[in-house]
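Written out below as structure tokens is the structure these notes cover.
The values are calculated or read from the model by the stated rules, or taken from the named source; none is laboratory data. Quick caveat, the model's predicted, so the values are computed rather than measured. Positions of Cβ are backbone-derived with ideal geometry, glycine not excepted, and every protein chain shown enters the neighbour counts. These accessible areas exclude ligands, DNA and RNA; they are computed on the full protein's heavy atoms, side chains included. Shrake-Rupley method; radii C 1.70, N 1.55, O 1.52, S 1.80 Å.
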Amino acid sequence: MLTRRPPLGWNSWNTFGENISEDLIRETADAMVSTGLRDAGYEYVVIDDCWSLRRRGADGKITPDPKKFPSGMRALADYIHARGLKFGMYSDAGTKTCAGYPGSFEHEFTDAETFAEWGVDYLKYDFCNKPYLQNGPILYNRMAMALKSTGRDIVLSACNWGSDNVERWIRSHGAGIYRSTGDIWDSFVSIRDIARSQMDKIAYSGPGCYNDMDMLVCGMYSRGNVGGGERGGCTDLEYRTHFALWCLYQSPLMIGCDIRNLNEATLSLLKNRELLAIDQDEEARPPIFFCGNSESNVVGMFKHLSGGEYAFAFVNYSDRDAGLSCELFDIGLSSQAGYGFALRDIFTGEESGPFSDYFNVPRLAPHDIRVYRAKLVKM
Ligand code: GAL
């Protein structure tokens, strides 16, 4: 299925891990609507690992755990669809999922039929427990064909954690998005490492197959399943930088916090129209990294947008205040051109410029980001 834009939604893993149930999924679907997240564009409600029994049924099919999902998956899909949302599920290319539940290896076509019968619209497909001599690309291609053969539009969300040079082959093997990184955890170090790791991979991302930088940790505040506790958790400023980076790279945005209990800061961040418009920009051009220091502690990026506009962003990954002076010649604008960039800060609304030769970025606090929308105007 063609993913024209990066998919937006919610996934159970980051906060809930194995503690999932149909009540949780229903309440989450309701919260998607009541919080306005659905109307802001978030569409998929995705159940991650741990939804089934530990063994397949006598019919060879994966059986939902009746304690967690007593009404079954079809009823849950109907509930989600009735709210104008789409339903996502999870399986694995190996014999078992990462948490030890049945994987789809050598059951791909049966499982795809089962998912289609249940009304599934999106399948996250993990990579644990792959038999040693099996070839990963073939297994992803097999599931892509199995999903297609059902006749239902199902996004294949590949998840091999960026291994095996996946960016080079995954588009041709049928996935709609693919994890281009290892797992995120709820800490600024993880956010920074993922963002930096994409700098030489982001050019592979675009309509049809987007780089997936993993689910969002915004609003988790160290609660939940991915690196909570003392070493985890971020400030609102750090979550804002995280969300802005994922939007500038046009990653899928899968909310990972408990949306039944959101605070205002998280909700307004997740609904930030300017950032969502960048994430969903139809031209889908990756940023150019044109300015920064050699350690990439401070990075400046420039991005073409549709509608004749551009974005600039400057991020401070370091633990100290930082400034940056960027030469616009490094993106091709010479001072003789007679044009300059007029900027608008998307967080404060403040306008500046036009700038034609260089741009002095105002000082950035540690872990902060500035994002501007820009137009090229005659001087
Ligand atoms: C990992 C995957 C995570 C989550 C987990 C479930 O491999 O990267 O996003 O799905 O498995 O066990």
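Share of the chain's accessible area from carbon and sulfur, percent, 1.4 Å?
Carbon plus sulfur share of accessible area: 47 percent.
Work out the FRET efficiency for residue 133 and residue 357 from their Cβ-Cβ distance, taking R0 = 56 Å, and round it to the nearest 0.05.
Efficiency for this residue pair is about 0.45.
Of all beta bridges DSSP finds with both residues in the chain, what is the antiparallel percent, to the nearest 5?
So the antiparallel bridges amount to about 60 percent of the total.
Under the Karplus relation 6.51 cos²θ - 1.76 cosθ + 1.60, θ = phi - 60°, what is the ordered set of whole-Hz ³J(HN,Hα) values for the stretch 358-367, x standing for Gly and Pro?
Each residue of the stretch 358-367 in turn: 8, 9, 8, 6, x, 4, 9, 5, x, 6 Hz.
Tabulate in residue order the Karplus-calculated ³J(HN,Hα) for the stretch 270-284, using 6.51 cos²θ - 1.76 cosθ + 1.60 with θ = phi - 60°, rounded to whole Hz; enter x for Gly and Pro.
My calculation for the stretch 270-284 gives 5, 9, 4, 5, 5, 6, 4, 5, 5, 4, 9, 4, 6, 6, 6 Hz in order.
Read phi for every residue in the stretch 154-164 and hand back ³J(HN,Hα) as whole Hz from Karplus 6.51 cos²θ - 1.76 cosθ + 1.60, θ = phi - 60°, with x for Gly and Pro.
10, 6, 8, 9, 6, 9, 10, 6, x, 7, 6
Given 96/201; 86/303; 61/124; 68/124, which pairs have Cα atoms separated by over 24 Å?
Correct reply: 96/201; 86/303.
Long-range amide H contacts for residue 364: which residues qualify at under 5 Å (H placed 1.01 Å from N, peptide plane, sequence gap of 5 or more or a different chain)?
Sorted by chain and number, the residues that satisfy this are 322, 323.
Going highest first, how would you order 296-307, 54-65, 4-15 by mean Cβ packing within 10 Å?
My ranking of the peptides, most packed first, is 4-15, 296-307, 54-65.
List the relative contact order of the stretch 288-378 as a percent without decimals, with contacts defined as Cα pairs under 8 Å and 6+ residues apart.
33 percent
Remind me, relative contact order of the chain in percent, using alpha carbon pairs under 8 angstrom and six or more residues apart?
Value for the chain: 14 percent.
Per DSSP helix of 4 or more residues, -39500 (n - 2.57); summed, then divided by the residues of the chain. What does that give at 222 nm, rounded to the nearest 500?
-7500 deg cm²/dmol
Among 125-138, 192-205, how do they line up by average Cβ neighbours within 10 Å per residue, starting with the highest?
Highest-to-lowest ranking by the protection proxy: 192-205, 125-138.
Hey, in the chain, which Cys have no second cysteine's beta-carbon closer than 4.7 Å?
So, 50, 159, 209, 218, 234, 247, 257.
If amide hydrogens are placed 1.01 Å from N in the peptide plane, which non-local residues have theirs closer than 5 Å to the one on residue 292?
Amide H neighbours of residue 292, under 5 Å, 5+ apart: 300.
With a 1.4 Å probe and all protein chains left in place, how much accessible area per residue does the chain have, in Å²?
Each residue of the chain exposes 41 Å² on average to a 1.4 Å probe.
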